[in-house]
Amino acid sequence: MISRNTSRWLTVGATLIVLAGLVFVSLSLAQNANSNAARPALEGDSDAAMTQTMLRIGDDLQCPICEGQSVAYSNSRLATEMREQITVQLQAGATEAEIKQYFVDRYGVIVLREPPRTGLNLLLWQMPFIFVGVGILILSWTLMQTRRNKEKVAVTANESASLHSEPSDEVDPEIRELLAQYDEELFGSAPTK
Amino acid sequence: MPEMAFDFVNLGRASLIVAPFFAIYAIVMGPLGDRSGRHDWIASARNALYVVTALVMVATIALFYAFITKDYSVFYVYQNTRESQSLLYTWTAFWGGNAGSLLFWAAGLVIVSSIAVTTNWRTQYPLMPYVISVLMIIALFFLCLLVFVADPFERLDFVPPDGRGLNPLLRDPGMAIHPPLLLGGYMSMSIPYAFAMAALISGRLDAGWIRATRRWTLTAWGVLSMGLIFGSWWAYRVLGWGGYWGWDPVENVALVPWLAASAYVHSVIVTEKRDMLKVWTMVLVILSFSLSIFGTFIVRSGVVTSVHSFAQSSIGPWFFSFLGLILIVSFAILMARLPQLESRRKLDSLVSRESGFLFNNLIFMGIIFATIFGVLFPMISELVRGVQITVGPPYYNRVNGPLMLLLMALMGIGPLLPWRQATKKQLLRRFRWPMIALVTTAAVLSVTLRSFWPVLSFSICNFTLTTLLQEYAQGITARRKVTGEAWPLATVRLIGRSRRRYGGYLVHISIIFVAFGVIGSQFFNIEQGVTLSSGETATVGRYDLTYAGLTEGQTSQGAEVKSTLNVARNGRDWVDLHPGKIYMEGFEEQPVSNIAIRYGLVEDLYIVLTGWQEDSATFYVFVNPLVSWIWIGGLVLVIGGLISWWPEPKPQPVRSSRSLPSGLQPQGAGSGDD
């Protein structure tokens, strides 16, 4: 089958090109990942490492007056002061947890961009997955159910042939299907057989 | 002394006061005319709708006029513009505050209403009385807000010499485009909603209303998509944290109507093609519209604050009541019509195109749920425990990230599933190459990247992309086989002949591009803060940045500080970049960053100047991989959207090639048993 092969090679060729692109890009991405991983170890460059840690902590904190922005990247004066505070505490040898606790004590839990996973907050993390999980179960169950009913009735060959959009006979499904699709799209209806 | 005689501003205000009466007239007369068989009453209701449109347009022009003539006696003008603000941002200033953006909503709504009613007047005449009525109820709500709560024409009793001006963050091309697009998308959702309601009320539940509004839904969806993309672009260019999407409440409420509309665009295909899921499609129309109102409500009411909600006011309760009313009334009507909406057909199997669409809708619902839940959860926490919390990006990334990945996978699985039911053979044949692509990509990238989520994400992207490419390849080859056309012609004609399908696939490809950008920047970005004294060099990723000093200057908008960095890439001199800050007049306390961005296909270099001392300066340097693919994706999305939006050509008269397919059948049968 010429047509079948052609369409296959078109697909494979295009996918290979994409894959090559991805590999090329991934090399560059891997380099970024390496340089990210290497940075905290920069002992000699303690200033840069400290700024780095400061930014990371700051990005976990919500700027209290300019909501929607983190402490790390807000232009507001308060955020600037908070960044300085983080640096000061880091220089004094405080740990990340201690610094975050310091701000929680002053501003409340609201200052954390990721709410602690305790008590009521657990609901926040669990509900979406419960929602989707239950949805999938119900949907699958309903569909299995209809199929079981269907099997009892038994699908006759006639019935599947009456499908107008995509005939599924096993002669040469691919070509039949493509032509039918094409025909439908070209003429607005399936070919009459 | 107040100005005498003809005053444009007063005319605008008068129009807004008169308009609600015409709206009420239309709301009543349409259905009344239908019930009593008085066609002249229905026509009269339509004319009232036109009058409302004209009046709101007069008000809109009046406000524009006030802006252009810089009439600072109008409080809204005083608030949103100033002498030093360029005329370009008059447009931005128009909806920069509450009153103006509500007027913008109302104006857009009446315009699209007029167009939709005029174009469907004959073909959908039985629906018209109720379409007019529903649209005018929505318009009435906004008009009431404009008259009673947020009057754009409110006058000061003196004339200030200069205005206060627009928030500097808003003075950016990205900001001039994206909010009107979002508002435009929101208000366009009114049209499908009005038609759906009209179909429910009048009991004409055939697919007529769906066909009449398909293009409107697609318009609303496309405009919302562009609004979101431009919004991200604005955030990327202006906010200076190296990102484009912060899962901030306003972004979230802008996203959810888009998600609902996306779900609707998909479910409607099943409704149209298989006459199924009618109730569900109705639910999605109602949901999309309600979420649009919810979006406007959250942005405009100040219930939640964020970087984007520049306007806060007391309109919260109004919106809340209106939203409640929409939901209760819509669902009540839907319930009443439930028996008539029952599908004649039932789903056949778990593995079929239909169920693919159903799972797609489920995931969309999951993302909508997670997002709204995240936005509202701080309020729940405060009510239940009295503890104020922040739900920030980590929640959304961790919850919505996997769900979106699932959706991406479904995007690749869906087109491979046949309608109704599939045989094992069919599935094997169709899934072969996409699965091979999935496995190969995973294998190859595991070597280079060595981390789970990015490899999985990229592999799923490539799986889906292969599915789509296969769809195109098969279509083109089949077409060539039948018509003998050359490759390019076959491609163009294939897309041209079934625009919805192949335009839709193009939109899917654009989503993959966006996903590439998101995955790349989410997992592989570098962010680093560096302080450099003159002549000092810092290394970030493959870039060496040498600080070469700072200059101060004056622009038309205010004082400007500009730094110079000599950038070398891979050790070789590359470019000079000039991150800086602007202190706009009247907003000196709130300087805006002039971010230096070098866009690239592989990665962007993004530098923000954050502070400086005498001989040194501090920069935030970001290396953001693949971000450009988000904007490219946006462009492709628009193209794909336009293709599927464009009206299909009329079915052509049967030509001689009509006999070809059956002529090929023997050949097909001969090699069928492989």
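Since every read-out is calculated from the coordinates, none of them should be taken as a lab result. Keep in mind the model is a prediction, meaning the values are calculated, not measured. Counting neighbours? That spans all protein chains shown, and the Cβs are built from the backbone with ideal geometry, glycine included.
Among B:A194, B:T92, B:A139, whose Cα projects farthest towards the positive end of the dipole of the stretch B:76-221, with charges put on the beta-carbon of Lys, Arg (+1) and Asp, Glu (-1)?
B:A194
For the protein assembly as shown, give the magnitude of the charge dipole about the Cα centre (Cβ charges: +1 Lys/Arg, -1 Asp/Glu; no others), in debye to the nearest 20.
3940 debye
I need to check one value: relative contact order of chain B, counting alpha carbon pairs closer than 8 Å and at least 6 residues apart, in percent.
The value is 10 percent.
Dipole of chain B, Cα-centred, from +1 at each Lys and Arg C-beta and -1 at each Asp and Glu C-beta, to the nearest 20 debye?
3880 debye
Kirkwood Rh over alpha-carbon pairs of chain B, then Stokes-Einstein at 25 °C and 0.890 mPa s: what D in µm² s⁻¹, rounded to an integer? Write down the numbers at each step before the final one.
Working: Rh = 27.8 Å.
Diffusion coefficient, whole number: 88 µm²/s.
For the pair B:V602 and B:V447, how long in nm is the line joining their label points, each one 7 Å along Cα→Cβ?
Between B:V602 and B:V447, the simple spin-label model gives 1.9 nm.
I want the local charge near A:G58. Using Cβ-Cβ distances under 14 Å, sum +1 for each Lys or Arg and -1 for each Asp or Glu among the other residues.
-3
Put +1 on the Cβ of each Lys and Arg and -1 on the Cβ of each Asp and Glu in the stretch A:2-111; which of A:T15, A:S76, A:A92 then has its Cα farthest toward the positive end of the dipole?
Sorting the options by dipole projection puts first A:T15.
Mind ordering B:203-216, B:230-243, B:283-296 by average Cβ neighbours within 10 Å, highest first?
The packing order, highest mean first, is B:283-296, B:230-243, B:203-216.
Write down the radius of gyration of the stretch B:310-399 and its Dmax, each obtained from C-alpha positions, in Å.
Answer for the stretch B:310-399, Rg first and Dmax second: 19.0, 52 Å.
For B:L218, what charge total do you get from the other residues with a beta carbon under 15 Å from its beta carbon, if Lys and Arg give +1 and Asp and Glu give -1? Before the final figure, lay out the partial values.
On the way: positive: B:R211, B:R214, B:R215, B:R499, B:R500, B:R501; negative: B:E272, B:E648.
That sum, taken over residues with Cβ under 15 Å, equals +4.
Between B:N10 and B:L156, how many nm apart are label points set 7 Å from Cα along the C-beta direction?
2.1 nm
Over every pair of different alpha-carbon atoms in the stretch B:524-628, take the mean of 1/r and invert it; report that Kirkwood radius in Å.
Result for the stretch B:524-628 stands at 14.1 Å.
Starting from 0.36 nm per residue, how many nanometres of slack lie between B:L489 and B:I17 once their C-alpha separation is accounted for?
Length gained, B:L489 through B:I17: 164.2 nm.
Per residue of the stretch A:54-61, what does 6.51 cos²θ - 1.76 cosθ + 1.60 with θ = phi - 60° give for ³J(HN,Hα)? Whole Hz please, x for Gly and Pro, Karplus curve as stated.
Computed from phi, the couplings for the stretch A:54-61 are 4, 4, 5, 5, x, 6, 8, 10 Hz.
Hey, if you put +1 on the Cβ of every Lys and Arg and -1 on every Asp and Glu Cβ in the stretch B:324-477, which of B:W433, B:S459, B:G356 ends up farthest toward the positive end of that dipole?
Going by the charge dipole, the pick is B:W433.
Please give the direction-averaged projected area of the C-alpha convex hull for the stretch A:1-144, in square nanometres with one decimal.
Spelled out: convex hull of the Cα atoms, projected over all directions, averaged, 16.2 nm².
Please find the FRET efficiency linking B:K424 to A:I138, where r is the Cβ-Cβ separation and R0 is fixed at 30 Å, and quote it to the nearest 0.05. Walk me through the numbers on the way to the answer.
Details: r = 26 Å, r/R0 = 0.86.
The formula returns an efficiency of 0.70 here.
Taking the Cβ of B:S84 as the centre, find all other residues whose Cβ is under 12 Å away and add up their charges (Lys, Arg: +1; Asp, Glu: -1). Kindly include the intermediate steps, with their values, before the conclusion.
Numbers: positive: B:K70, B:R82, B:R164, B:R171; negative: B:E83, B:D162, B:E585.
Residues near B:S84 contribute +1 overall.
Taking the square root of 5 times each eigenvalue of the Cα gyration tensor, what semi-axes in Å does the equivalent ellipsoid of the stretch B:564-613 have, largest first?
Each semi-axis is the square root of five times an eigenvalue, giving 27, 12, 7 Å.
Using the scaling law 2.2 N^0.38 Å as the reference, what is the normalised Cα Rg of the protein assembly as shown?
On the way: Rg = 29.3 Å, N = 867, 2.2 N^0.38 = 28.8 Å.
The value comes to 1.02.
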